[in-house]
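Structure first, then comments.
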Amino acid sequence: MFGRAGCRWWIAGGHAIELAVGRELRPHGDVDVLLLRDDQHAVQEVLPGWEWWAADPPGTLRPWLRDERLHPGVHDVWCRPGPGRPWRIQVMLDEGRGGEWVSRRDATVRRPVAGIGAVSPDGIPYLRPEIQLYYKAKQPRPKDERDFDAVLPLLDTGQRAWLADAVSRTLGPHPWTARLR
């Protein structure tokens, strides 16, 4: 569906990790998609007829109105095909400035937008694993630890160094940094 969005987008979350490792690791309840905030309305274009719910901090869901511009504090949009149906897609909104992706957790953590994604052999764009792990590092759950273990052997020296630096800068001491170095 997002292939017709007309903007950059990336599969995120656990599915991004699975695309990086090339195999399924665990079941998933939904699909996470990352968009840059300036492209937020692509959600409404590629999912017409769906319900879109903005997650206002600190976690209140409310209907997202057509053409409403979500303020910078809103980072998640939950989408489902209709009332009473399960949530199917969670869209994460991140900032982009001057051709750079800017972490919503720490504005000093940046990468060129052109370098935040990779493409699977099937042509599916996904968030690079070091960036996805950066987000998973805040409060790792067992599934996040499994994702870390699965992708760690595939990270090259540069990816490991970037992730260790980003996690240390944003979160301070973290159990993953020793394993990354």
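Overview of results
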quantity: Nearest-0.05 FRET efficiency for residue 107 and residue 69, computed from C-beta distance (R0 22 Å); calculated: 0.65
quantity: Kirkwood hydrodynamic radius of the stretch 1-73, Cα pairs, Å; calculated: 13.9 Å
quantity: Residue-averaged [θ]222 nm for the chain, counting only DSSP H segments that reach four residues, each worth -39500 (n - 2.57); calculated: -8000 deg cm²/dmol
quantity: Residue 122/residue 41 FRET efficiency (R0 22 Å; Cβ-Cβ; nearest 0.05); calculated: 0.25
quantity: Two-decimal ratio, the stretch 4-156, of alpha-carbon radius of gyration to 2.2 N^0.38 Å; calculated: 1.02
quantity: Along each principal axis, Cα extent of the stretch 78-124, largest first, Å; calculated: 40, 30, 15
quantity: Spin-label pair residue 145/residue 169, simplified geometry with 7 Å Cα→Cβ offset, distance in nm; calculated: 2.8 nm
quantity: Diffusion constant of the stretch 97-181 at 4 °C, which comes from Stokes-Einstein with the Kirkwood Cα-pair radius and 1.567 mPa s, µm²/s; calculated: 97 µm²/s
quantity: Table column - 3J(HN,Hα) (Hz), the stretch 140-154, Karplus curve with 6.51, -1.76, 1.60, x for Gly and Pro; calculated: x, 9, x, 5, 5, 5, 5, 4, 4, 4, 5, 9, 3, x, 8
quantity: Contact order normalised by residue count of the stretch 14-70, Cα under 8 Å, 6+ apart, percent; calculated: 23 percent
quantity: Whole-Hz couplings from phi, Karplus 6.51/-1.76/1.60, listed for the stretch 162-170; x for Gly and Pro; calculated: 4, 5, 4, 5, 5, 5, 4, 5, 8
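Only the coordinates and a few stated rules stand behind these numbers; no lab work does. Keep in mind that what you see is a predicted model, and the values were worked out from it rather than measured. FYI the Cβ positions are ideal-geometry reconstructions off the backbone, even for glycines, and counts take in every protein chain you see.
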